[in-house]
1. If we scan region B:558-565, do we find a residue that is part of a loop (DSSP other than H, G, I, E, B), without any contact (Cβ under 8 Å) to a residue 40 or more places away in the chain and more than 8 Å from chain A (Cβ to nearest Cβ)?
2. Please determine, by comparing only the residues of region A:273-298 that are in a loop (DSSP other than H, G, I, E, B) and over 30 Å from A:Glu224 (Cα atoms), which one is nearest to the chain's Cα centre (by Cα).
3. Kindly indicate whether any position in region A:202-212 is under 27 Å from B:Pro566 (Cα atoms), in contact (Cβ under 8 Å) with a residue 40 or more places away in the chain, under 30 Å from the mean Cα position of the chain (by Cα) and more than 14 Å from every other protein chain (Cβ to nearest Cβ).
4. Would you check if B:Ala139 is under 30 Å from B:His392 (Cβ atoms) and assigned to a strand (DSSP E or B)?
5. Tell me whether region A:51-60 contains one or more residues that are among the acidic types (Asp, Glu) and either farther than 19 Å from B:Leu560 by Cβ or free of Cβ contacts under 8 Å to residues at least 60 places away in the same chain (or both).
6. Does B:Ala106 fit the bill of being in a helix (DSSP H, G or I), free of Cβ contacts under 8 Å to residues at least 60 places away in the same chain and more than 21 Å from B:Ala381 (Cβ to Cβ)?
7. Within the group A:Val270, A:Val329, which residue is under 19 Å from A:Leu4 (Cβ atoms) and outside any loop (DSSP other than H, G, I, E, B)?
8. Could you list all residues from region B:1-28 that are buried (at least 24 other Cβ atoms within 10 Å of the Cβ) and outside any helix (DSSP H, G or I)?
Amino acid sequence: MIDLIVIGAGLAGLTAALTAAEAGLRVKVVGKGLNALHWSAATLDLLGYTPPRRAPVREPWTTLPHLSLTHPYQIAGELRMRAALQRFLNWSQAGGLPYLPGAVEGENFMLPSPIGAMRPVYLAPYGQREGDLSSQQPLLIVGFDRMRDFYPHLLAEHLNKQGHSTRAVVLSSSLITQRSDANTVQLAAELERREHQIALGGALKSAVRPGERIGLPAILGLDEHTKTLEALAAAAGAPVFEIPTLPPSVPGLRLTTVLRSLLARRHVRVEIGMEVVGVQVEDGVVRWVETATSSRPLRHTASAFLLATGGVLGGGFQSDHQGRFWETVFDLPLNVPQDRSQWFRPLFLDAEGQPVFHGGVAVDNQFQPLDSKGGVMYRNLWAAGGLLAGTDPLQEHSLEGIALVSGAAAGEAAAAALTGGRQTNEAAPADIPAGASAAKTPQ
Amino acid sequence: MQLVETDILVIGGGSTGTGVAWDAALRGLRVVLVEKRDLTHGTTGRYHGLLHSGGRYAVKDPQSAVECIEENRILRRTHAHCIEDTGGLFVVTPEDEGEYPERFKAACLKVGIPCEELPLAEAFRREPMLNRRISRVFAVPDGSADSFLSTHATAQAASQAGAKVLIYHEVIHPVVEGGDGDRRVVGAVVRNMVSGEEFTVRAAMTINAAGAWAGKLAAAAGIEVKIIPGKGTMVAMNHRIVNTVINRCKMPSDGDIIVPVHTVAVIGTTDEKVTDPELLRIEPWEVQLMLDEGDKLVPGISRARVLRAWAGVRPLYQEGFSGQSRDATRSLTLLDHQERDGVSGFLTITGGKWTTFRLMAETTMDMACKQLGVTRPCKTADTFVPGIEQGHYWLGHRLHEIEEHRLQGSLVCECELVTRSMLEQAALKNPTVTLDDLRRDVRLGMGPCQGGFCTYRAAGILHELQLAAEPAGTAASLPAHAVTPAAEEPWDVAYLQSPSHSRQEVGSQSAPAAARLPAASPALLLRDFLQERWRGLTPILWGQQLKQERLDELIYLSVLNADHLPNAGDSSPLTEFWQFDTTPAEAHKTASETATQTAGEVQP
């Protein structure tokens, strides 16, 4: 018997599932497909910009009070936000993929984007951390001639224009692969092989000048990421870091893998390829959801349900040419203009963002979706992630932060409701079952 | 001010203007063509791609129909690789009752258009998605045409014959000499839109081939030419829902054609009289009308994924005409301003359609030659543009070449199968100012993701070409002379669309010429191209395409943070174009203000 079914296997859904499982619930995750982490830079972006999107936020915590009261961070509040971030740090350590703050804890720091703009991030995976642009250490950006999603010269030119001393080198792809059409994931797998690490490490050693740090595209291994990165750094005799790439995102793939392995340790099943196509609700309660599979629909019954299907990007919202815009599973009310002419602004990169992406599902302070009159829609339904109203996470650079904070808060709230509030929500490292590999703490 | 002397000055780089330049050069005349943006930036590059058989006009406008079928036969030879031999069907839906089908068949045969009624079973076998309530089907020799490629090919043919083709050169004003009763146009003052340099072109004859802008140009010469700007809105579907051109068998109206072009199917068009050819804003009702009408030909098409919507403005002309633009003639019009207005040295060619561009050019140059006392015959009907040995276009050609030569790894645009070498060759063999120019060359960014992945890659690749073109040790900015396209060197576009051919060419030439490459920084190339794509997306963003757009936002806002690059708010040669194009007059102000503010505040 399942206590909680989480619909959606992105960062929000996986976080909610792990939080609820740590609180003692029996949890199952059903997801439609691979999640949006496979597209993202997989840094933990908490709050990089507030609208209009101009100067980056340096201190997210002091900026929070200026956000709209309907923003998911205002709903969660600082205590729940900090608790969620602590959970995430613990998980990333336990999963062997540590995430780290910048030089000043509690503040954002800047990492280079794959085109050489500066990205404000709150926590970075270990592999990206050395790219911190608050350091004046000169950079060497290294790319590969057959890699179509990384242009080191362009990156270096833009970093130089912003005052960061940067050189660029393009190496032969044949150092790391014989394939002519390898994508980032395939290159990352190739780099786990010792002979490729030796070949690339030697080339890096020849290319790097004393005092430089080396930025490479984010292809430094999959499961063996830390080992791969350290082998290259040792061979090159210089610090090495990753810069995210266009999708598919290897850092996002790694984070998904870690979260799913932590869930597996908690005996939580994550079933992918299961799109929810029907629901049964009666007396203000969700009874079951039905998923489409290749053979026949499957019904999933549980005491509680948590919706984390994402917004437009994740597939949680759908729309049509008549201007209808709806939430796909429960048809929850959305505060999106029902008139297409009001969805967009004339500029693609408008500093205010596109209005259509600002709307979403309104929730109460327990992250339960509200009906159009402000009452709880279904007593056993919670929601988290990209479908929440009051924010445009891509504009704000808060995609991972909102997924994490709302996922943890909704998972906690669901657990508290099902266990009568007796459960605490501690997620100390001691909670991790014995045998989990202790992560090496990097410098 | 620098002076360029020539026999013929052609103003306008659409199909008609390049056709005139080609015709004139083949007659041995010196020719300069100026176009204020890229070739085909106006109406030619915004049409649905139908190579008319003439069937559409057989009943209503037989003169136009005759022109179409004759030119259809000629272009299949002279521009073979720019045409796909799709064939066309005229279908009678339940709404198209009455006597029209019989009149249609008789009219086609009368003007010489092959027209065969097909058994319904055969029609549905060819096009299984067609509405099963269609009662009669007629097959005609329609086709589909790549107006970007054909116009570039014509420009190449013209430049090989000696014409100078100058893109991103705008006419500031025509030069008019003489007094009342003896006025004469002797050329124009022209500005290079990239460098800002101005010069005078003196010509024995000036040809106004400015299309929808022809009225403005004539007015600048003191002549009234009332162009009827008929805006046509089209939508491109994500799939080739049909492989044959489908026409409603009725009097021409809105949304009654579906044209398969390359990887998409285009539903067209509306016909709205507008006040200004730059007013290309698309209203929601226009898109809705296209989809509703499309449903009558292919039921369910309105629920399929739409890629993009756009509008072009027809340069219709009819002396003394005051009705709806749909009813204005589609036949070509040549205005002899000497006879009509007492202004010599100046001809305006307008009306017509892509299918008849060669005939329009011939008619124009016959008149020009007569006035100049030149007696050389037109050669364009029997001259081939470079590249025809590739045969008619077929949909699978790129995939075939990529698989045969295993070029999957070098794809820059997976949607439209553009390889890195195709992009590089297109950038090096044509004057290139923007990424949008490369879209017209190789279809960069025209597929489902609308530039999501390829814009970043193209910016990176062009940047590497820019670096390679710099003399060693110089600063990042390109030398001043780089901004004038090298008009003396002939263009080379014949094989731009061939992945295997482009690959063989790599390394075969010397260092890239900076003069051919964009002078703008990669960050601005990227921003401008994304903005250009956005313009055509907003009218049709819903469903899957909205999700795709959100992924593009994730890439450019979140992963790349591209709006926070240094100088991201600077002006480029395209800035004012897209600001004007994108927005109605009221919002235009806001857009430019936003851009300016962003420029000042990107990074602390």
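1. No, region B:558-565 has no match at all.
2. Applying the first criterion (in a loop (DSSP other than H, G, I, E, B)) to region A:273-298 yields A:273-274, A:283-284, A:293-297.
Subset that is over 30 Å from A:Glu224 (Cα atoms): A:283-284, A:293-297.
Details: A:Asp283: 35, A:Gly284: 32, A:Thr293: 27, A:Ser294: 29, A:Ser295: 32, A:Arg296: 32, A:Pro297: 30 Å.
The residue in question is A:Thr293.
3. yes
4. On the way: under 30 Å from B:His392 (Cβ atoms): yes; assigned to a strand (DSSP E or B): yes.
Considered against the rule, which asks whether it is under 30 Å from B:His392 (Cβ atoms) and assigned to a strand (DSSP E or B), B:Ala139 comes out as yes.
5. Our first condition is that a residue be among the acidic types (Asp, Glu); within region A:51-60, this holds for A:59.
This time we only want the ones that are either farther than 19 Å from B:Leu560 by Cβ or free of Cβ contacts under 8 Å to residues at least 60 places away in the same chain (or both), so: A:59.
Checked against the condition, which is being among the acidic types (Asp, Glu) and either farther than 19 Å from B:Leu560 by Cβ or free of Cβ contacts under 8 Å to residues at least 60 places away in the same chain (or both), region A:51-60 yields at least one hit.
6. On the way: in a helix (DSSP H, G or I): yes; free of Cβ contacts under 8 Å to residues at least 60 places away in the same chain: yes; more than 21 Å from B:Ala381 (Cβ to Cβ): yes.
Here the answer is yes, as B:Ala106 does meet what is asked.
7. Working: A:Val329 fails: outside any loop (DSSP other than H, G, I, E, B).
That would be A:Val270, the only listed residue that is under 19 Å from A:Leu4 (Cβ atoms) and outside any loop (DSSP other than H, G, I, E, B).
8. B:Ile8, B:Leu9, B:Val10, B:Ile11, B:Gly12, B:Gly13, B:Gly14
Bear in mind these aren't lab numbers, they're just calculated from the coordinates by the rules spelled out. These figures come from a predicted structure and were not determined experimentally. Please note: Cβ atoms are built from the backbone with ideal geometry, for glycine as well, and neighbour counts cover all protein chains shown.
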